[in-house]
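Values quoted throughout were computed directly from the atomic coordinates according to the rules given, and no laboratory measurement underlies them. The model shown is predicted, which means the values in this text are computed figures rather than measured ones. Ideal geometry is used to build each Cβ from the backbone, glycine not excepted, and the neighbour counts take in all protein chains shown.
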Amino acid sequence: MPHSSSLRFGEAAGTLLDRAFDARDRHRPSVPLPRIGIFGNGFPETLVAAAGGLPVHLSMGRLRRTTAIDEFIEPFVDEEVRVFLNRLMNGEFADCLGIIFARDDAPALVAYQYTSEWVRQGRAPKSVPPLFLWNLVHTATPAVMHFNALQAEKLFDFFERIGLRRPSDEAIAEAAAAEAGRRQALERLETAGLSGTTAMRWRNAGRFMSATEHADLLNAALVDTKRTAQKGMRIGLIGSSLASTASYEVFERFGTIVCDWQPWGAVWPGPGNGNATLPEILRATAADPSCPRITPTTAYRNALLQALANARCDLVLCQLAPTDDTFGWEIPALASSLERRAIAFINLGFRDTDPETWHARAATLISAKLEARK
Amino acid sequence: MTSTYVPLESTRIATDHQRGWAKSLRAQITSGAKYAFVNADTPHELFHHMGLPIVTNQWWSAIIAAKQLSEYYFDYMETLGFHDRLARYSSLPLIAELEGDTERQPWGGLPKPSILCARQSADDHQKIFSLWSERTGAPLFLISAPAVPDPHPEWWRLARSDWETLYRSDRLDLMVAEFEALIAQLEELTGRSFDHDGFVRYMEAINEQERIFEDISEILATAPRCPIRISEQIPNVMIPQWHRGSEWALSHAKRFRAELHERVKAGVSVLEEERIRMMWIGAGLWFDTSFYSTFEESHGAVFAWSMYLPFAADGYIREIKGDSLRALAARVSAMNEQLHQPPWINSWLVEQAKKYRIDVALMLIPEHDRFSGQGSLFAKKALEEAGVRVIEVWSDMVDRRKWNRDEMSARVSAVLDAVLAEKGV
């Protein structure tokens, strides 16, 4: 496993993490490896690393210009899908050997289906790499475990087709060890007393580099960074995928985000990544309670409430993408559960397309609610 | 231009049967008999065969909407804290249940089901059914729904006999295993044993019924003029479909076919002078079904196609091949996806539009029911490339709050005017 050497440049590790987060999938890690695009949560990146590839998440980028596919994307399709599809058809992922989509991540499935259809119709540029649908089912019956093991075999076949190696047990164990190192570094990040904004940025920077490099940078950055006393309320952030520094900064005017339980929050990397064997990776991935499709269905809300309680939140902020059709079903039950626990809950509703309008509205709502509780 | 439209005798018989069935079911379940509350894309066959009555979520939703209650319930939904961009069709019964005033509901409401069943085809189905389960305490059986990675565009050509290739062995293995678990639960619930031999005969009866519907579709598609309105097509297909494989359903399908055949032979049609043939894409507009006849008088335009009839054949006929549960898995494992996911839906709609000689399609796009709306614009483009004019209808099957009939009629009329002008009429 190549060792990270980003730090040799002498730059502060925090700066490197910030730069990687800002660059998103355009970030170039210090050790070049074959790039494998990932769309969605729920895929164990360990397996790409074990195959000799670099998993790079493609769903957090920014749109520069639209392409012909844009007119086929309905307005209720998630924005990250629209951005991804346009960028893909612009040739922006031509440097990926392949792209893996997580079926149980709703935007990822749509992204896969629309991409596949565009390719089938012969309208996609040659730069679109081979696609793979990661069909893992999120439950733990023997039939599902057998099915999930077959999906891993199909994934390994895909790796070979695109020029990676079929992961051996040893390679999986080695990649899992690197992921376990990243997990330890992330645990230190969560308890380092940093702002939730910084934690979100540094955590997600790892979506664009190897686990080893990410762990090294986090460990170095945490040595360099002074612990600051947390101020204000202990905030939990829930709802739709969010990776906006500006939004986090607005929320943190009222305290510190100590529990970030939205799809682009601390639920990544998934729990299977650090396990040393394929069956253990698959079992833990299938049991990830942050997947909205987990069975039993109660596991999702229970895990969310437990995370908020463990973080001793006294304020929970819920924000939604304008396209939400799933998390909204949880809101009334969450609100009453939190009320029973005397935790303030503020549903900020749908994010506005204009960030300034949305931030002003969110700040007003939070202020008003907190004032009313005095 | 319009002849005096005479409804089919079959329609009266079907609706009377459904009314009687509903009354009997209501009497049974309100006196404590067990029943299951299930989604439309679940294996109803297993419940029927085990003798456990079912109430289908989408059917119940349509009943509530037809009683003009959806507006009230969707307003109420928002007072509970659910936002207004959540799915409506699948959730209307849940909201009625949460509202709790059984007197307001059709039948005086539903008692607690003995089991709930949904397939995880859309992400929100499990959320909605989970809330039902929390509310009623009824156990929830979820059927998983891994996707088909490489959907064959002409799925209907493979689905009847080569379903193993089409739907993939790993998916079918999983679904059969889940069916076996469901059967075990139903056996426990009913105290009966699953009769495998009887199930084979039952599956054969369903295939026979769907072949009759295929004949009917052929009659409708090839008749010189459309002989019945889709407001009659739908109940004559869907009521037997809710009871598929039963003696009544088969005999009704035959009666419907015979009556249609006679009607076509006698030259009876919705319009004496049929100028434009239209298709209604998507679920029914359950709160305003009379909309379907709006353009008959003004433009000589008739809705000749709705998905329910042709889908009865393409979506349901599955050769049993010595394994009835696996054949059922082949029927269920992509049931909903075939109607919503590219390339399945676009290819099928083009095939159907050509077969039915369609000029104009009205495409219902429920923006707050993403699973039902996805792929719409791919399907629209495919139809347009096949020479069909497509009108997008951004509305909902059961929520009338954003439905403006006058505005929609004006939009459709403008397109129909243009089509008539093109045809030189």
| said: Quick one: 3J(HN,Hα) in Hz for region A:321-326, Karplus 6.51/-1.76/1.60 with θ = phi - 60°, rounded, Gly and Pro as x. | reply: 5, x, 9, 4, 9, 10
| said: Using Cβ contacts closer than 10 Å as the measure, can you line up B:347, B:293, B:130 from fewest to most? | reply: B:293, B:347, B:130
| In degrees, nearest 10, range 0 to 90: what is the angle between the Cα axis of helix B:247-265 and the longest Cα principal axis of chain B? | 10 degrees
| Which parts of region B:85-113 would a label at residue B:403 reach, counting a residue when its backbone N lies under 14 Å from a point 7 Å out along Cα-to-Cβ? | B:88-89
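Order these by the 10 Å Cβ neighbour count, fewest first: B:320, B:128.
Numbers: B:320 17, B:128 23.
The most exposed by this proxy come first: B:320, B:128.
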| field | Span from the region B:306-320 Cα centroid across to the region A:219-260 one, whole angstrom | value | 54 Å
| request: Report the net charge of residues surrounding residue B:32, where surrounding means a beta-carbon distance below 13 angstrom and charges are Lys +1, Arg +1, Asp -1, Glu -1. | output: +3
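When all alpha-carbon pairs of region B:1-122 are counted, what percent fall beyond 24 Å?
On the way: 2631 of 7381 pairs.
In whole percent, the share of Cα-Cα pairs in region B:1-122 beyond 24 Å is 36.
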| query | In whole Å, how far is the Cα centre of region B:37-55 from that of region B:264-299? | reply | 32 Å
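Shielding by partners for B:140-150, please: the mean number of other protein chain Cβ atoms within 10 Å of each residue's Cβ.
Details: counts 4, 1, 5, 1, 11, 5, 11, 9, 3, 12, 4.
Mean inter-chain Cβ contacts per residue within 10 Å come to 6.
Tell me, Kirkwood radius of the protein assembly as shown from alpha-carbon pair distances, in Å? Walk me through the numbers before you get to the answer.
On the way: mean 1/r = 0.0356 Å⁻¹.
So the Kirkwood estimate lands at 28.1 Å.
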| message | Treating only the Cβ of Lys, Arg, Asp and Glu as charged (+1, +1, -1, -1), what charge dipole size does region B:9-423 show about its Cα centre? Round to the nearest 20 debye. | response | 520 debye
| remark: For the protein assembly as shown, whose charge dipole is built from +1 on Lys and Arg Cβ atoms and -1 on Asp and Glu Cβ atoms, the candidate among B:303, B:76, B:242 with its Cα farthest towards the positive end is B:76
| Hey, rough spin-label estimate for residue A:165 and residue A:276, points 7 angstrom out along Cα→Cβ, what's it come to in nanometres? | 2.0 nm
| Along the positive direction of the dipole of region B:9-423 (beta-carbon charges: Lys, Arg +1; Asp, Glu -1; about the Cα centre), which of B:39, B:409, B:136 reaches farthest? | B:409
| task | Using just the helices of chain A, give the 222 nm mean residue ellipticity in deg cm²/dmol: DSSP H runs with n ≥ 4 each add -39,500 (n - 2.57), and the total is spread over all residues, rounded to 500. | result | -14000 deg cm²/dmol
| task | Express in whole angstrom the spacing between the alpha-carbon centres of region A:54-132 and region B:82-104. | result | 35 Å
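To the nearest 20 debye, what charge dipole does the protein assembly as shown have about its Cα centre, counting +1 at the Cβ of each Lys and Arg and -1 at the Cβ of each Asp and Glu? Walk me through the numbers before you get to the answer.
Numbers: 88 positive and 102 negative charges, 196 e Å.
With only Lys, Arg, Asp and Glu charged at Cβ, the dipole is about 940 debye.
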| task | Filter the cross-link list B:254/B:321; A:126/B:381; B:34/B:112; B:34/B:67 down to pairs whose alpha-carbon distance in this structure exceeds 19 Å. | result | B:254/B:321; A:126/B:381; B:34/B:67
| message | What is the angle, in °, between the Cα long axis of helix B:169-190 and the longest principal axis of the Cα atoms in chain B? Nearest 10 is fine, range 0 to 90. | response | 60 degrees
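In what order do B:71, B:296 fall by count of nearby beta-carbon atoms within 10 Å, going from fewest to most?
B:71, B:296
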| message | Nothing charged except the Cβ atoms of Lys and Arg (+1) and of Asp and Glu (-1): what's the magnitude of the dipole of region B:1-81 about its Cα centre? Round to the nearest 20 debye. | response | 380 debye
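Peptides B:354-367, B:396-409, A:35-48: what's the order by average Cβ count within 10 Å, highest mean first? Each step should come with its number before you reach the end.
On the way: B:354-367: 20.1, B:396-409: 17.1, A:35-48: 26.8.
Result, highest mean first: A:35-48, B:354-367, B:396-409.
Using only alpha carbons, build the gyration tensor for region B:9-423 and give me the equivalent ellipsoid semi-axes, biggest first, whole Å. Each step should come with its number before you reach the end.
Working: eigenvalues 210, 131, 93 Å².
One finds semi-axes of 32, 26, 22 Å for region B:9-423.
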| query | Leaving out same-chain residues fewer than 8 places away, which aspartates and glutamates sit with a Cα under 15 Å from that of residue A:231? | reply | A:249, A:252, A:314
